[in-house]
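Reading through the structure tokens given below for one structure.
Only the coordinates and a few stated rules stand behind these numbers; no lab work does. Keep in mind that this is a model prediction, so the values were computed, not measured. Note that each Cβ is placed from the backbone with ideal geometry, even for glycine, and that neighbours are counted across all protein chains shown.
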Amino acid sequence: LAAMADASGHRRHPTIQEQDDMTANTQRKYRADYQPPAYLIDDVALDFDIRDTGTRVRGQYQVRRNPDAAGAAALQLDGRDMQLHSVAIDGRALGADEYELGEHALVIAAPPSQFSLTIENEIDPEHNLALEGLYRSGDILCTQCEATGFSRITYFPDRPDVMSRYTTRIEADADQYPVLLANGNCVESGDAGAGRHYAVFEDPFAKPCYLFALVAGDLGMIRDSYTTASGREVDLRLYTEHGNEDQCDHAMASLKQAMAWDEDTYGLEYDLDSYVTVAVGSFNMGAMENKGLNVFNTACIFARADTATDGDFALVRDVVAHEYFHNYTGNRVTCRDWFQLSLKEGLTVYREHQFAIDQGSPGVTRIGQVRTIREVQFPEDGGPRAHPVRPESYVEMNNFYTITVYEKGAEVIRMIAQMAGRDAFLRAVRHYLDKHDGQAVTIEDFVVAMEESTGLDLDQFRRWYAQAGTPRLTLTTEFDQNQLRVRLTQSTPATPDQSEKQPFDIPVALAMFDAQGLPVGEPQVLRLNQAEQQWQFDGFDAQPTISALRGFTAPVKLDYPQSDAELARLMAFDSDPVSRWDAAQALYLNTLVADARARGADQPPAAAPQALFDAIESLLATPPDDRALLAEMLTLPSETRIGEQFDATDVFAVNGARRALKQEIARRFTGLFETLRDAHAASGPYVFDVAESGRRRVFALALDYLAAIDAPGIRDHALAVYNDADNMTDRMAALGALRDLTGDARTRAMTDFAERWADYPLVMDKWLRLQASTRRDDAIAQVRALLEDARFDFTNPNRVRALLGGFARGNGEAFHHADGQGYQLLADEILRLDRLNPQLAAALAGLLAPWRRYASPQGTAMREQLTRLAASDLSANTGEIVAAGLA
Ligand code: ARG
Ligand code: ZN
């Protein structure tokens with residue numbers, strides 16, 4: 001696009017072919033090229049005529065010239081994969097020579113400055129397996145428009161800065177589609193003759209087209225209501241395919257919790273008379289915040305004690321809250337363009353995180369968030385797909401719904417909140433929402449609003465939005481004559497699009513403890529904003545133990561070599577649970593990294609120090625009250641986290657080191673783990689709360705350690721747990737323990753599970769995942785067999801994620817086998833999937849892209865498969881990922 005400017009510097013009017021290329025998925029789009037829309041559309045009336053043979057769409061738009069737009073006056077309407085029937089301006093049908101129709105756009109060269117535009121077209125939801133636009137999921141027709149799915153429904157400026165008020169009329173067969181839904185209030189409904197009926201919806205809020213939604217189907221429903229602080233009665237409805245209603249209560253309760261939390265915390269009240277959620281089985285992502293009509297993946301709605309684990313209950317609660325919070329951060333104030341995605345996602349994830357912290361155990365909830373950053377975001381930031389929280393360019397927007405935009409974006413907001421202080425931050429968010437209500441704005445607008453309200457200077461801080469990569473900090477200390485000097489340095493490695501990095505503005509929390517574990521002085525937050533800085537602290541009797549980056553105050557990697565003894569001390573008495581856990585992780589990592597390095601170099605394994613076992617012993621002797629924290633502290637760093645400590649991971653050395661340490665701990669503390677297990681066994685019916693889910697975590701952890709050494713009696717014990725459990729959490733704990741143990745107990749539990757849950761596809765995903773992640777010599781043949789199994793369905797993203805994701809992420813030894821067959825299997829399936837669902841295929845390709853992070857032969861074998869993919873005819877989605885991997 002930048003190349004479109006001619007020599008005189010003026011933008012000339014692009015030809016239809018160029019326009020087409022611009023909107024075609026194969027062209028790179030740049031943030032710097034933003035131009036306001038030439039036309040605005042104030043009102044949209046959509047009419048859907050749903051037939052078995054296809055859906056007729058008639059759109060009528062009130063269009064006017066945008067007074068803020070300069071330059072070319074052509075009206076560009078995005079659209080693809082549909083059949084155009086007619087175009088009319090102010091009721092007059094246009095001849096084919098009065099507009100240009102390309103594969104991705106319809107352009108009207110010089111329309112009037114204000115007019116009514118009518119477009120009629122036809123779409124084919126029955127054959128839409130990309131799950132974007134209007135598509136079928138089981139018995140339900142539903143839509144997914146973010147980011148640019150609306151242009152698969154009708155010709156329209158598919159960009160978030162065109163905001164309109166929508167009226168939607170739906171007509172369909174009354175038996176097949178008794179429930180008809182669209183955004184806003186139902187203002188009319190009735191009989192349409194010939195066994196058909198219709199409904200008309202009006203959404204009073206202007207919105208971008210990505211928030212449009214329509215649902216038609218034969219649906220079951222649960223209903224509740226919520227009265228807002230100012231007394232508005234909100235009708236809450238949750239729809240799903242018949243027979244699933246009894247799995248929806250937790251989602252409904254979570255919605256009400258979220259509504260109350262947003263009122264209590266931000267003073268934000270819901271703004272329509274109804275809030276409708278529809279759960280569908282085929283969905284590419286978790287959920288979608290369409291105004292007043294959320295569409296959810298069933299995986300983020302269904303939760304019943306016997307079908308869902310504690311983890312699922314928490315996921316449902318958090319995703320329901322996330323989508324609800326979008327009603328303000330996303331819908332009332334939306335994004336100007338897709339480069340600004342983190343404006344709504346980073347802020348909404350941050351709000352979701354705070355909500356989760358308020359519902360659960362604060363320390364452990366935060367630990368989960370930190371783990372996600374370290375284990376998922378850091379690898380993205382250090383790999384071929386690294387990009388800033390506000391990306392500079394993209395080929396396919398759907399590839400940028402990333403952990404960086406979402407979770408790192410939330411960490412950036414968290415740093416602002418910390419610098420401002422809680423109340424000032426909440427006020428600043430209110431200021432931002434008031435100032436920009438009803439507008440489509442930028443991340444810069446948000447930062448300015450933060451500065452205006454809090455008085456903070458965020459000038460340098462803005463680099464967190466602009467620069468990719470994870471800052472590396474080193475901390476060194478000098479102690480003499482009662483004085484402590486702390487020196488911090490920062491540097492950020494080059495990322496694919498940015499070789500030079502400027503210093504970030506980084507809050508680093510610090511606390512100090514004496515040898516008895518008593519705090520020395522107040523905790524501090526150092527502000528590191530240069531490449532190198534030094535601080536002095538006076539008045540010590542002895543050198544204190546430092547707890548640095550406490551609570552993970554910034555998304556950075558900290559190198560601060562601490563002795564095992566210091567780490568054991570912090571693990572025992574640091575007052576911040578996140579830091580206690582972090583000290584335990586560092587203690588384990590010291591050993592794991594040394595051992596993995598030795599194994600990788602074919603040297604004898606490195607043994608764990610006595611300090612590590614002593615620390616575990618005292619932890620077990622005086623465990624924290626928060627049981628989930630105990631479980632976290634006894635969980636070894638994941639393979640990914642260990643691998644992150646190396647430039648190139650030797651998967652087998654890392655796995656070997658982790659397994660060896662786990663077994664060594666299990667052997668030394670077998671009796672204590674048995675005691676722990678028995679003390680934490682279920683003693684009453686399932687309840688999802690902090691205490692009970694913490695107890696279950698410790699129980700599962702003890703089983704897992706005992707299974708790691710195939711302790712005497714563990715198989716029968718696990719089978720008994722499986723048989724007696726009244727809930728899925730304990731059942732999965734038992735199955736997890738049995739997974740890699742061959743023999744009768746495993747077979748019986750797995751067989752029972754497959755029979756018992758045969759009619760519950762989401763539960764069978766757990767079974768698929770277990771099968772795919774089982775360590776066995778013929779793991780690849782097993783996965784290939786499951787791909788042909790009737791329980792698997794290639795067109796359903798949840799099934800694909802369970803089987804292929806479960807294999808590639810959960811079965812390191814098979815996926816990374818030196819013969820490269822694991823990579824080949826994945827590449828085979830990516831090619832097959834790319835023709836049906838490019839979004840999902842691209843996500844899987846992301847597993848092969850970071851080949852440079854793996855030692856050879858693995859790295860080279862991954863690259864071979866990438867090269868093979870690159871030689872095929874790929875979608876823009878998958879093509880972009882593969883190209884990044886090979887660049
Ligand atoms: N806005 C949704 C959420 O975070 C995600 C939608 C993503 N859709 C997509 N096609 N990438 O709640
Ligand atoms: Zn979101």
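Points worth noting:
- Remark: D834, D559 ranked as D559, D834, counting other beta-carbon atoms within 10 Å and listing the fewest first.
- Kirkwood hydrodynamic radius (C-alpha pairs) into Stokes-Einstein, region 121-179, 25 °C and 0.890 mPa s, D in µm²/s: 191
- Panel note: the C-alpha atoms of region 656-757, placed on their principal axes, show extents of 35, 32, 21 Å (largest first).
- Angle in degrees between helix 422-435 and the longest Cα principal axis of the chain, rounded to the nearest 10: 10
- Taking the average, over residues, of other Cβ atoms within 10 Å as the packing measure, peptides 87-93, 809-815 rank 809-815, 87-93 from highest down.
- Crossing angle, helix 714-724 versus the chain [Cα axis fit, 0-90 degrees, rounded to tens]: 40
- Computed Kirkwood radius, in angstrom, where 1/r is averaged over Cα pairs of region 722-845: 15.0
- For T774, T860, order by how many other beta-carbon atoms lie within 10 Å, fewest first: T860, T774
- Charging the Cβ of each Asp and Glu at -1 and of each Lys and Arg at +1, and nothing else, the dipole of region 118-192 about its Cα centre rounds to 340 debye.
- q = 0.22, 0.29 Å⁻¹, region 230-288: log10 I(q)/I(0) [Debye, one scatterer per Cα]: -1.00, -1.29
- The alpha-carbon atoms of region 761-809 define a convex hull whose volume equals 60 cubic angstrom per residue.
- Relative to its Kirkwood radius, the Cα radius of gyration of region 201-246 gives an Rg/Rh of 1.06.
- Kirkwood-based Rg to Rh ratio, region 355-402, C-alpha trace: 1.12
- When the convex hull of its Cα atoms is viewed from all sides, the chain shows a mean projected area of 37.7 nm².
- P(r) tail fraction, region 160-226 - alpha-carbon pairs more than 14 Å apart, %: 61
- Calculated diffusion of region 216-318, Stokes-Einstein form, Kirkwood radius summed over Cα pairs, 37 °C and 0.692 mPa s, µm²/s: 234
- Under 15 Å of direct C-alpha separation, and excluding same-chain neighbours fewer than eight residues apart, K207 reaches these aspartates and glutamates: D42, D43, E146, D158, D161, D271, E289, D337, D437.
- Once the C-beta distance of R809 and A69 is scaled by a Förster radius of 41 Å, the resulting FRET efficiency is 0.35 to the nearest 0.05.
- Region 814-887: radius of gyration and largest Cα-Cα distance (Dmax), Å: 11.1, 33
- Nearest-ten-degree value, helix 744-756 long axis tilted from longest Cα axis of the chain: 20
- Taken about its Cα centre, the chain carries a charge dipole of about 1580 debye when Lys and Arg each add +1 at the Cβ and Asp and Glu each add -1 at the Cβ.
- With one equal scatterer per alpha carbon and no solvent term, the Debye-computed log10 I(q)/I(0) for region 355-470 at 0.11, 0.22 1/Å reads -0.42, -1.31.
- Rounded D (µm²/s) - region 406-546, Kirkwood Rh over Cα pairs, Stokes-Einstein at 37 °C, 0.692 mPa s: 189
- Sorted by Cβ neighbour density within 10 Å, fewest at the top, the residues T742, T553: T742, T553
- For region 495-583, alpha-carbon Rg over 2.2 N^0.38 Å: 1.22
- For the residue pairs K344/K408; K408/K766; K408/K501; K662/K766, the C-alpha atoms sit more than 22 angstrom apart in K408/K766; K662/K766.
- Given charges at beta-carbon only (K, R positive; D, E negative), |dipole| of region 755-887 in Debye: 380
- Share of pairwise Cα separations in region 89-202, more than 23 Å, in percent: 42
- Positive-end residue, region 549-698 charge dipole about Cα centroid, Cβ charges, pick of A660, N590, L629: A660
- Relative to the compact-globule estimate of 2.2 N^0.38 Å, the Cα radius of gyration of region 36-163 comes out at 1.05.
- Convex hull of region 634-710 built on C-alpha atoms - directionally averaged projected area, nm²: 6.2
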